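This report concerns only the one structure given below.
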Amino acid sequence: MRRFTIAPERIDGGRVVFDRDESRHIVRVLRLRPGDTVLAADGAGRDYTVRLETIGDAATGTVLGVTARAAESPLRVTLVQSVPKGDKMEAIVRAATELGVVRVVPVTTERTIVTLEPSRWRERARRWQRVAKEAAKQCGRAVIPAVDVARPLAEFVALDEPADLRLCLWEAAASGQGGGQALPFGTTLTQSLPPTLSPHASIYLLIGPEGGLSRQEVESVRARGWGIVGVGPRILRAETAGPAITAVLQSRFGDLG
C-alpha cells in the first residue's frame, strides 16, 4: 500500500486533506484514483488507512482506520551537527532519520565554511526538514525528526537542554589525532558509554565540521558537561561520523539489531 505523510492538523472529523506536494505525488507520479486506499503517517506515531475521495491540487480522503506504529527506537538521539559544505547535510539528515534520530540541530562553528544570512538558514532548514520527511516515509517511520534552524554552537550549548548523556566526537580525544597530544580528559567511545541506560534515555551527539572542532570549542562544551570522545585511529569524515556513531548507540542501547 502506498505511504504518504501528513500534518496532524490535516485530519479533521475523519477526513484527510493532503498537502500540495503529496497531492502532486498522488496525481502526477502514482496516478492514483478515487477509491484507492493509501497509508498516511501523521509524523507523531500514527498511521491512517485512507480511501481517496477527490483527486486534484489538494487530494482528500476518508479515514478507514488508525493504528499506532511501534517503529520508534526507545533511545532518543539528538544529532548536533556542524554544517558541512555542499549538500552533505542532506545526506546526514537522511541517514540520521533512517537510524532513528529524533532531532537534528545544525550548528555553526569556528571552522564552518558555509556562511548565510538568517533568512537563508531558515530556507535551508525547510529543505532539510523535507529531506527528513521523505526519508521517514521511505524507511517506514511514523515519526518525522525535527530539523532546527542553524545557530552558533555556543548559543545551543548555553541552553543546557536536559540529557542523560552528552557526547562530543573529536579526533584528538584519546588518540592524539588532529595534531598535538591527546587531551588528558579525552576517552574512547567505548570507555565513555555506561553499561545501561534507562528506557527512553536521551543522548546528545555533537559532530564537528570538515576541519573539526577547535580546542577552545571542545574545552567549552566539556565545561558544560559534555564527554569528549574519540573512535579510534581513523578520522571519520563530517558526513560519516554522525550516522556511524548513531548506529553504534542504537545497537548498544536502542533497537538496531
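The values are calculated or read from the model by the stated rules, or taken from the named source; none is laboratory data. On a predicted model such as this, the values are computed, not experimentally measured, just so you know. Reconstructed Cβ throughout: ideal geometry from the backbone, glycine too, with neighbour counts over all protein chains shown. Remember, those area values only see protein heavy atoms, side chains included, never the ligands or the DNA or RNA. Shrake-Rupley method; radii C 1.70, N 1.55, O 1.52, S 1.80 Å.
Would you check which residues across the range 155-176 are at pLDDT 90 or above, surrounded by 15 or more Cβ atoms within 10 Å (Cβ to Cβ) and over 19 Å from the mean Cα position of the chain (by Cα) and list them?
170
I'd like to know if the range 21-33 contains one or more residues that are closer than 18 Å to residue 143 by Cα and in contact with a helix residue (DSSP H, G or I) (Cβ under 6 Å, 6 or more places away or on another chain).
no
Checking residue 141 against (1) in contact (Cβ under 8 Å) with a residue 40 or more places away in the chain; (2) assigned to a loop (DSSP other than H, G, I, E, B); (3) over 14 Å from the mean Cα position of the chain (by Cα), only one condition comes out false. Which one?
Checking residue 141 against (1) in contact (Cβ under 8 Å) with a residue 40 or more places away in the chain; (2) assigned to a loop (DSSP other than H, G, I, E, B); (3) over 14 Å from the mean Cα position of the chain (by Cα), the one that fails is (3).
Scan the range 78-92 for residues that are open to solvent by 10 Å² or more (accessible area, probe 1.4 Å) and in a loop (DSSP other than H, G, I, E, B) and report the count.
3
Kindly establish whether residue 95 is outside any strand (DSSP E or B), at pLDDT below 90 and surrounded by 14 or more Cβ atoms within 10 Å (Cβ to Cβ).
Answer is no for this residue.
Out of the range 98-138, which residues are among the hydrophobic types (A, V, I, L, M, F, W, C), in contact (Cβ under 8 Å) with a residue 40 or more places away in the chain and either part of a helix (DSSP H, G or I) or open to solvent by less than 50 Å² (accessible area, probe 1.4 Å) (or both)?
Scanning the range 98-138 gives 99, 101, 102, 104, 105, 107, 131, 135, 136.
Identify the residue in the range 220-238 that is buried (at least 20 other Cβ atoms within 10 Å of the Cβ) and over 18 Å from residue 202 (Cα atoms) and, among all such residues, is modelled with the lowest pLDDT.
The residue in question is 231.
Can you pull out the residues in the range 225-257 that are hydroxyl-bearing (Ser, Thr, Tyr) and over 19 Å from residue 82 (Cβ atoms)?
The answer is 251, and nothing else.
Residue 204 passes all but one of (1) at pLDDT 95 or above; (2) open to solvent by 50 Å² or more (accessible area, probe 1.4 Å); which number fails?
The one condition residue 204 does not meet is (2).
Exactly one condition in (1) at positive phi; (2) in contact with an Asp or Glu (Cβ under 9 Å, 6 or more places away or on another chain) is not met by residue 51; state its number.
(1)
Sort out which residues of the range 12-39 are open to solvent by less than 40 Å² (accessible area, probe 1.4 Å) and more than 15 Å from residue 56 (Cβ to Cβ), and write them in order of number.
14, 38
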